[in-house]
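Take a look at the structure below.
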Amino acid sequence: MSYDRQNQLKLFQLQVLIAVADFGSFSEAALQLQMSQSAVSYAIASLEKDLGVSLFSRGRFGAQLTPVGEQIVDRARQVMYLLSDIAKQANLARGLQGGHVRISSFRSAATHILPDTIAEFCRRYPAIAVSIAEYDDRTDVEADLRKGRADVGITYLPSSNEFEIWELMRDEFVALFPPKFQSKSNKLSWEDLTAYPLIMAPDGDGCDAMVYAHCAKYGINLTVAYKIRSDATIVNMVAKELGAAVSPKLAAEPIPHGVQVYSLPIPLFRTIGVAVLADSLLTPAAYAFIDLLKQMWRELNRTI
């Protein structure tokens, strides 16, 4: 059936159609839409007349979609989604003419994950300012999100469910040994790890807590000789034969020449993600940054 200017589907009719389909009742749809039941009935009757088909079977148990009604309500949902997306894109365009994205990140992610995305974001949206707060661990990152000092955070799991997190990558924990270390086999053993003095972060470090818990699960107690905050210092101490270390690979890079890298006897990973405070009202600029970050890492992960 073709439509002229006087005989076109109305968005209001589609909204009522979806509501009746969702609630299975004209009266419940009217309640949810804050309309009279007669107005809902009239909207559906008018739509059925315009389309020339019955959309609902009415009965004592409510309103059930007919087969053609099911097909049409699916398309109505698509129409409403596209309209919402049009409005979203327009709002984004208005909001991307300026603004500020505040990012909080733990150090290794700020070093290895963010620079390419920030460069591309600044190329696309030169009018938007970007600032980064960099910390040793995720606790400060999550505190910034809670207190409204950051729009976007880079953290790792597990995390509090007060945050909404999208996974970016998995980062393996690796054992780093000095150049002269000789393992009994190509695969590291727990005996190798416990026999060597370890260089780890100070107490309270989130990543080291994951390592200790992982080892304890298999009855392994680690002996720590040095506690150092800086990842770069830890790796360089390993290179100078002062001990071994267990570190997320991202934090250890760039790994000095000669330092030997092993997977743990039973591998361990941390999942790094981009986080926002759940139910927070983000700016269009922050949404655009998150979308770009997820897109770039999806493409990178496909090539790995």
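A short reminder: the numbers here are calculations on the coordinates, not readings from a lab. These numbers were taken from a predicted model, which means no experiment stands behind them. Here the Cβ positions follow ideal geometry from the backbone for every residue, glycine too, while neighbour counts run over all protein chains shown.
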Loop-located trypsin sites (Lys or Arg not before Pro) in the stretch 230-279 whose Cβ has at most 14 other Cβ within 10 Å (DSSP): Lys240
Cα-Cα over 25 Å, subset of Lys147/Lys217; Lys184/Lys249; Lys88/Lys294; Lys217/Lys249; Lys147/Lys249: Lys147/Lys217; Lys147/Lys249
Give, rounded to the nearest 20 debye, the magnitude of the charge dipole that the chain has about its Cα centre when Lys and Arg contribute +1 at Cβ and Asp and Glu contribute -1 at Cβ. 380 debye
What is the order of Ile44, Ile266, Ile18, fewest Cβ neighbours within 10 Å to most? Ile266, Ile18, Ile44
Whichever aspartates and glutamates have a C-alpha closer than 15 Å to that of Lys10, once near sequence neighbours (fewer than 8 apart) are set aside: Glu48, Asp50
At the level of C-alpha centres, the distance separating the stretch 136-173 and the stretch 15-74, in angstrom, is 44 Å
Cα-based helix-to-principal-axis angle, 206-217 vs the chain, degrees rounded to 10: 80 degrees
Across the chain, where is the longest run that never hits chymotrypsin sites (Phe, Trp or Tyr not before Pro) in a DSSP loop with at most 15 other C-beta atoms within 10 Å? 62-217
Listed candidates (i) 57, 23, 17; (ii) 32, 21, 19; (iii) 28, 24, 18 - label of the one calculated as semi-axes √(5λ) of the Cα gyration tensor in Å: (i)
Which angle from 0 to 90°, rounded to the nearest 10, does the C-alpha axis of helix 37-51 make with the longest principal axis of the chain? 90 degrees
Which ordering of Met200, Met35, Met210 is given by a fewest-first count of other beta-carbon atoms within 10 Å? Met35, Met210, Met200
